[in-house]
Amino acid sequence: ESMVKFRVSNKEESPVMDNGGYSGSQLVHHFRSVLDAVKTGDRGNYDELVSYLHPKRNLSPDEVAILVTTLKALSGAVSYIDSDHHESLLFAVSRMSLWNYGTEVMDALLELITSLAATNGKYIDWCLEMLVKHFVPPFYVYDSLDNENGINRKNKVLSRVHAALKEIADLVPLAPLRLCPIVVQNMPSVFSYDRVSSYDFLQRQLSEFVVYHYYEIVLYVENMLKLESGAIGETVGSTVLPALVDRLLELDVEIGWDGILQEDTRGIFDMELEDIIKFAEEDENSDSMPQSELLNRKNLQGNKVVEKLDNLIVLALLHLESCQSSGRLAEVFDILLHSFQKTVLNAYKSKFTQFVMFYACALDPEGCGVKFAMVLTDMFGSDVNPPITRMSAAAYLASYLSRAKFLSAALVTTIIQNLVDQCYVYCKLRDSAGMNPRAHQVFYSGCQAIMYILCFRMRSLMDVPRLKLQLLNMPMEAIWKHKLCPLKVRHF
């Protein structure tokens, strides 16, 4: 029984065969027989079937018809596919890219993937990974996506990928949980070119790979965030968002101040955020606190690491705006807050990643904004936390309260009161202690946080009689004049 050859009839859209062959249902039955025969050593028809699936970029209409028919027939025979006997078939399918085909082949291939995922649970990871790999185009395709046809092509591929992921999630309830680690594992590294073949590497200039990798990670993150905001976002969000923060941090710590800070670059920070998010004002003492500013694109233009980080942060901020519009900001903020506490808070040389948190606070001052301030306050005051965590919390708290004009004066005064009380109790318990920055580092960080906040906010606080009286009644003088000498220690 020889392998069938197909053509498309002029009168009907369904494939028919040239030589009195099979109908659609007969073809499915035939493919099942072909797949089953491999188990007994009969591979003739099977190998010919696999040959139809070898990836090609420019197919003739007849080849498209054959490929579509083959994929659809295989969708009806997925229960006969066995990884032990049909490895070459699965490998051939895995090498097919939606980016290479028209919509007919796209839909037929996705039908096969979806059917395989729903029929046999052991293929679910394989199917999900294949879909996730389509978040970014192959290297040889990306440079053709910047025109109208390319944008349409991109939209056709990615809309189908996300629809297929949702369909599989509907058919296999545990699929979203299996999807989470796959999305993270396939996230492009911030500095490698793993997806580029050696052939492509020999044929192109290195500068092209740099541009591709920049495009690759930005597009992948764009799809991650689309996944998070979609129907299965509630499940994948707790994994996707921390993974994004980790990538931002990887890029962030690679940016050295020596290369971007110069005497005449005072404008490097876009801190006049009334014009952006009504959040902050330019800081002239940027060396005394954690940096929490967006990158200035003009001053840092040409630095690919900076540009990559800048665009990823912009995607994150736009996503937060979308979450606010859809009423999801609070739950997303909780995930980001946990990630901030776990990674960003104690990260050395983090300069920009934390701005994502600050932006979320600015979008929801009374909710996220207050919660962030109180969490930092509690982290500083908790003896359970290690000293480095408490000091970092104090530094971020000082920077945040000094700039966040959307926070009420009453809240700022309450937090100052909290810090003063903790520092005063510390002094009372150490009446005989002298100045020792190493031994009392948490205490000194708290003192400096108080002074830093007052430098920026005291005038506005003193304008409110009730708050002025509260400030004047705080035992600050006893702290500043204590033998620990906090005014002589610079700690941030």
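Among the numbered conditions (1) open to solvent by less than 50 Å² (accessible area, probe 1.4 Å); (2) closer than 17 Å to ALA449 by Cβ; (3) part of a loop (DSSP other than H, G, I, E, B); (4) not hydrophobic (A, V, I, L, M, F, W, C), the only one that THR353 does not meet is (2). Listed by first and then second residue, the pairs linking a residue in segment 30-55 that is farther than 16 Å from ASP82 by Cβ to a residue that is exposed (fewer than 15 other Cβ atoms within 10 Å of the Cβ) and at pLDDT 90 or above, with Cβ atoms under 8 Å apart and 6 or more places separating them unless they lie on different chains, are HIS54/ARG95; PRO55/ARG95. Within segment 451-458, one or more residues are among the aliphatic types (A, V, I, L, M), open to solvent by less than 10 Å² (accessible area, probe 1.4 Å) and either within 29 Å of LYS351 (Cβ to Cβ) or free of Cβ contacts under 8 Å to residues at least 24 places away in the same chain (or both). The residues in segment 151-162 that are closer than 20 Å to PRO55 by Cα and modelled with pLDDT under 95 can be counted, and the count is 2.
Looking only at segment 404-422, decide whether some residue is over 27 Å from GLU366 (Cα atoms) and either modelled with pLDDT under 95 or open to solvent by 50 Å² or more (accessible area, probe 1.4 Å) (or both). No: segment 404-422 contains no residue that is over 27 Å from GLU366 (Cα atoms) and either modelled with pLDDT under 95 or open to solvent by 50 Å² or more (accessible area, probe 1.4 Å) (or both). Checking each residue of segment 361-382 against the condition of being farther than 21 Å from LEU225 by Cβ, touching a Ser or Thr at 6+ places or on another chain (Cβ under 7 Å), in a helix (DSSP H, G or I) and open to solvent by less than 40 Å² (accessible area, probe 1.4 Å) gives at least one match. Residue pairs whose Cβ atoms lie under 9 Å apart, separated by 6 or more positions or on different chains, with the first residue in segment 382-397 and of a type in the set (Asp, Glu) and the second open to solvent by less than 40 Å² (accessible area, probe 1.4 Å), are ASP383/ARG390. Taking LEU145, is it free of Cβ contacts under 8 Å to residues at least 12 places away in the same chain, among the hydrophobic types (A, V, I, L, M, F, W, C) and over 13 Å from SER94 (Cβ atoms)? Yes, satisfied.
Considering only segment 386-400, I want to know if a residue exists there that is open to solvent by less than 60 Å² (accessible area, probe 1.4 Å), among the aliphatic types (A, V, I, L, M), modelled with pLDDT of 95 or more and more than 25 Å from VAL356 (Cα to Cα). Looking through segment 386-400, none of the residues is open to solvent by less than 60 Å² (accessible area, probe 1.4 Å), among the aliphatic types (A, V, I, L, M), modelled with pLDDT of 95 or more and more than 25 Å from VAL356 (Cα to Cα). When segment 459-492 is filtered for residues that are open to solvent by less than 30 Å² (accessible area, probe 1.4 Å) and aliphatic (A, V, I, L, M), the ones remaining, listed by number, are LEU461, LEU467, LEU471, MET474, MET476, ILE479, LEU484, VAL489.
The values are calculated or read from the model by the stated rules, or taken from the named source; none is laboratory data. Predicted model only: the values in this text are computed from it and were never measured. Reconstructed Cβ throughout: ideal geometry from the backbone, glycine too, with neighbour counts over all protein chains shown. For the accessible areas, the whole protein counts, side chains as well, though only heavy atoms, and no ligand, DNA or RNA atoms are used. Shrake-Rupley method; radii C 1.70, N 1.55, O 1.52, S 1.80 Å.
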